[in-house]
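Accompanying notes for the structure given below.
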Amino acid sequence: MSKPHITSAYDRDLEAVQAHLMKMGGLVEAAIIDAANSLETRDEDLAEQVRRNDRQIDEMETRVNEEAARLIALRAPTAVDLRTVLTVMKISNNLERVGDYAKNMAKRTSVLVHMTPIEGSASDIRRMAKSVELMLKDALDAYIQRDGALAEDVRLRDREVDQMYNALFRQFLTYMMEDPRHITGCMHLHFIAKNIERMGDHVTSIAEQVIYLVTGEMPDDARPKGDKTPYMAEPRG
Amino acid sequence: MNDMRIVERDVETREIKIRGDKVQVFYGDNHAIKDVDIEIQDKTVTAFIGPSGCGKSTFLRCLNRMNDTIEGCRVEGEITLDEEDIYNKQVDPVQLRAKVGMVFQKPNPFPKSIYDNVAYGPRIHGLASNKADLDVIVEKSLRRGAIWDEVKDRLDAPGTGLSGGQQQRLCIARAVATEPEVLLMDEPCSALDPIATAQVEELIDELRTNYSVVIVTHSMQQAARVSQKTAFFHLGNLVEYNETGEIFTNPKDPRTESYITGRIG
Ligand SMILES: Nc1ncnc2c1ncn2[C@@H]1O[C@H](COP(=O)(O)OP(=O)(O)OP(=O)(O)O)[C@@H](O)[C@H]1O
Ligand SMILES: [Mg+2]
C-alpha cells in the first residue's frame with residue numbers, strides 16, 4: 001500500500017476503520033451463504049440465526065460510518081486518504097443492503113420450509129448465491145489489495161448473475177403456469193432470486209468503488225445489459 | 001473535474017493575467033527556481049504550496065520584481081503581466097508594485113500611524129484628491145483588512161504598536177488600498193487567529209471578483225478553502241499545477257500526493 005503518514009496515528013485510524021469494514025464484509029459473506037444453505041437444507045434454525053445476525057451488521061455499519069465521520073472531522077483527509085474514507089462509507093452502505101437482502105431471504109426461507117419443495121430450485125439458488133458471495137469476496141480482496149483489475153473482473157461477472165436470475169425467472173414462470181398450487185412458493189423463490197440479483201448489483205457497486213479508490217475515476221462505461229426477460233410481463237409505456 | 005465553487009461568485013471567463021516562461025532564479029550558485037512555466041489566471045485565487053525552502057516565496061517575489069532588491073539574486077526567463085514583459089527596462093518597479101501588491105510572511109508596518117500606513121500608497125499614487133476622499137479609502141481598506149473595528153478609535157497610534165495578527169491585517173489593508181490588479185500574499189495568515197483567518201479568507205474570495213490573487217500557504221486546508229488553482233513546488237520545480245479540487249482529490253504526481261496527505265515522501 002501507500003507510504004506511511006508522518007503522523008502514525010493517522011495510519012492507525014485509517015487501518016481501524018478499514019478493518020471494521022472488512023469484518024462487516026465477512027459477516028455479510030456468511031449471511032449470504034447461511035441464507036442459501038438454510039433454504040437448501042430446509043434448516044429453520046439457521047434461517048432464524050441469519051435474521052438475528054443482521055442486527056450485528058447494522059451496528060457495524062453505524063460504527064464504520066461514525067469512525068469515518070470522525071476521521072473527516074479530525075484529519076481532513078485529502079487525495080487517496082479522502083477517497084479511502086469516501087469509499088469506506090459507500091461500501092459499508094452497500095454491505096448493509098446486501099445484509100438486508102440476506103435477511104429477507106432467510107425470512108422467506110422460514111415460510112418455504114413449511115411448504116412442498118420445488119424440485120431443483122433451492123440448489124440453483126444456492127449456486128447463484130455462491131457466485132455473488134464469491135464476487136463479494138473478490139471485491140473485498142480487491143479493496144484490500146487495491147487491485148483495480150480484480151475489481152473490474154468482479155464488475156463483469158455481475159452479468160452472469162443477471163443471466164442466472166433470468167433463467168430462474170423463466171423456470172419459476174413455467175412452474176406456476178403448469179400448476180397454480182406452486183404460485184405461492186414460486187413467488188417466494190422468485191423474490192429470493194431477485195434479492196440475490198440485487199446483491200450482485202451492490203457488490204458491483206463495491207467493485208466500482210475500488211476502481212475509484214485506485215484510479216481516482218469512476219468507471220464510466222455502462223455494464224452490458226443483456227436479457228430483457230424480467231420486463232416481459234410489465235406493461236408497455 | 002470542474003471546480004464547482006466557481007459558480008458561487010459570478011465571474012466571467014478568466015484571462016491569463018501573469019505568464020511565466022522558463023523562469024530561473026539564482027541566489028549566487030543556489031539554483032532556487034528551475035525552469036518554471038506557469039499561467040496565472042485573472043479573477044482567480046492561485047495557491048502556491050510545497051515544503052519549506054522549495055522556492056514559493058522566491059517565485060512569488062519574481063512576480064512584482066521584489067527579488068531586484070535582494071543582493072546576489074538573478075532572475076532569468078520571461079514573466080509577463082497582461083502580455084507585457086515586467087522585466088523590460090522601461091518598466092518602473094515602483095509602478096509595477098502598485099499594480100502587483102504584496103503582503104509578506106512577516107508583518108512589516110511602517111513606523112508611522114495606522115492611518116498613514118494605509119494612506120501612504122493612495123497618496124503617492126494620487127488616488128485621493130482631498131482629505132475626505134483619503135479618509136474614505138482608509139476606512140474602506142481597513143474594513144477589507146478585517147481590522148477597522150479594532151483600530152477605528154486609534155488611527156493616530158503607531159502601526160508597530162499593534163499585535164502581530166493586527167499588524168498583518170493592517171498590511172493587508174495597506175496592500176489593498178492602492179486597488180492593485182494582482183495581490184501576492186506570502187503566508188498572510190500565519191500569525192492570525194481562526195476568526196481573523198476566516199475574515200482574511202473571505203476578503204481574498206471577495207477580491208477575486210476583481211483581481212488575481214496568489215497566496216503562499218503552509219495550510220493545506222487554507223489552500224483548499226480559498227483557491228481555485230493550486231501549484232505544488234518541490235525543490236525549485238513546479239511539479240503539478242491544476243484545479244484545486246483535482247489536486248486535493250486526485251493529484252497526478254506522487255510527490256504532490258505525499259505532500260498534501262502528510263506522508264513521508
Ligand atoms: N534572500 C535570500 N538569499 C539567499 N538565498 C535565499 C534567499 N531567499 C531564499 N533563498 C534560498 O532559496 C531557496 C528557496 O527559498 P524560499 O524562501 O523561496 O522558500 P519557501 O518555499 O518560501 O520556503 P518557506 O515555506 O520556508 O517560506 C532556499 O534554498 C533558500 O535558502
Ligand atoms: Mg516562504
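The values are calculated or read from the model by the stated rules, or taken from the named source; none is laboratory data. Every value quoted in this text rests on a predicted model; they were computed, and no experiment measured them. Cβ placement follows ideal geometry from the backbone for every residue including glycine, while neighbour counts extend to all protein chains displayed. Just so you know, the surface numbers come from the protein's heavy atoms only, side chains and all, with ligands and any DNA or RNA stripped out. Shrake-Rupley method; radii C 1.70, N 1.55, O 1.52, S 1.80 Å.
B:Ala132 passes all but one of (1) open to solvent by 10 Å² or more (accessible area, probe 1.4 Å); (2) touching a helix residue (DSSP H, G or I) at 6+ places or on another chain (Cβ under 9 Å); which number fails?
(2)
Pick from the stretch B:233-254 the residues that are out of contact with any Asp or Glu (no Cβ under 7 Å at 6 or more places or on another chain) and within 11 Å of chain A (Cβ to nearest Cβ): which of them is farthest from A:His5 (Cα to Cα)?
B:Glu246
Need a quick list: helices (runs of 4 or more DSSP H) entirely within the stretch B:150-265 having at least 1 residues that are in contact with a Cys (Cβ under 6 Å, 6 or more places away or on another chain) and buried (at least 22 other Cβ atoms within 10 Å of the Cβ). Please lay out each step first, then the result.
Working: elements: B:164-177, B:194-207, B:220-226, B:244-249, B:254-261.
Result: B:194-207.
Just to verify a result, which residue in the stretch B:48-60, among those that are near ligand 2 (Cβ under 9 Å from one of its atoms) and open to solvent by 30 Å² or more (accessible area, probe 1.4 Å), is farthest from the other protein chains (Cβ to nearest Cβ)?
B:Gly53
Please go through (1) within 15 Å of ligand 2 (Cβ to nearest atom); (2) over 20 Å from the mean Cα position of the chain (by Cα) for B:Lys34 and return the number of the only condition it doesn't satisfy.
Going through (1) within 15 Å of ligand 2 (Cβ to nearest atom); (2) over 20 Å from the mean Cα position of the chain (by Cα) one by one, B:Lys34 breaks only (1).
Out of A:Thr109, A:Thr87, A:Thr78, which single residue is of a type in the set (Ser, Thr, Tyr), touching a residue at least 24 places away in the same chain (Cβ under 8 Å) and in contact with a Phe, Trp or Tyr (Cβ under 7 Å, 6 or more places away or on another chain)? Can you show your working first?
Numbers: A:Thr109 fails: in contact with a Phe, Trp or Tyr (Cβ under 7 Å, 6 or more places away or on another chain); A:Thr78 fails: touching a residue at least 24 places away in the same chain (Cβ under 8 Å).
From the options A:Thr109, A:Thr87, A:Thr78, the qualifying one is A:Thr87.
Could you pull out every one of the helices (runs of 4 or more DSSP H) wholly within the stretch B:37-125 that has 2 or more residues that are away from ligand 1 (no atom under 16 Å from the Cβ)? Steps first, please.
On the way: elements: B:56-62, B:93-99, B:114-124.
Helices (runs of 4 or more DSSP H) meeting the threshold: B:93-99, B:114-124.
Taking the options B:Glu15, B:Glu39, name whichever one is closer than 27 Å to B:Cys189 by Cβ and either more than 14 Å from every other protein chain (Cβ to nearest Cβ) or away from ligand 2 (no atom under 12 Å from the Cβ) (or both).
Working: B:Glu15 fails: closer than 27 Å to B:Cys189 by Cβ.
Step by step, each of B:Glu15, B:Glu39 is checked, and only B:Glu39 is closer than 27 Å to B:Cys189 by Cβ and either more than 14 Å from every other protein chain (Cβ to nearest Cβ) or away from ligand 2 (no atom under 12 Å from the Cβ) (or both).
Which of the residues belonging to the stretch B:64-111 are touching a strand residue (DSSP E or B) at 6+ places or on another chain (Cβ under 6 Å) and within 16 Å of ligand 2 (Cβ to nearest atom)?
Correct list: B:Asn64, B:Asn67, B:Cys73, B:Met102, B:Val103, B:Phe104, B:Gln105.
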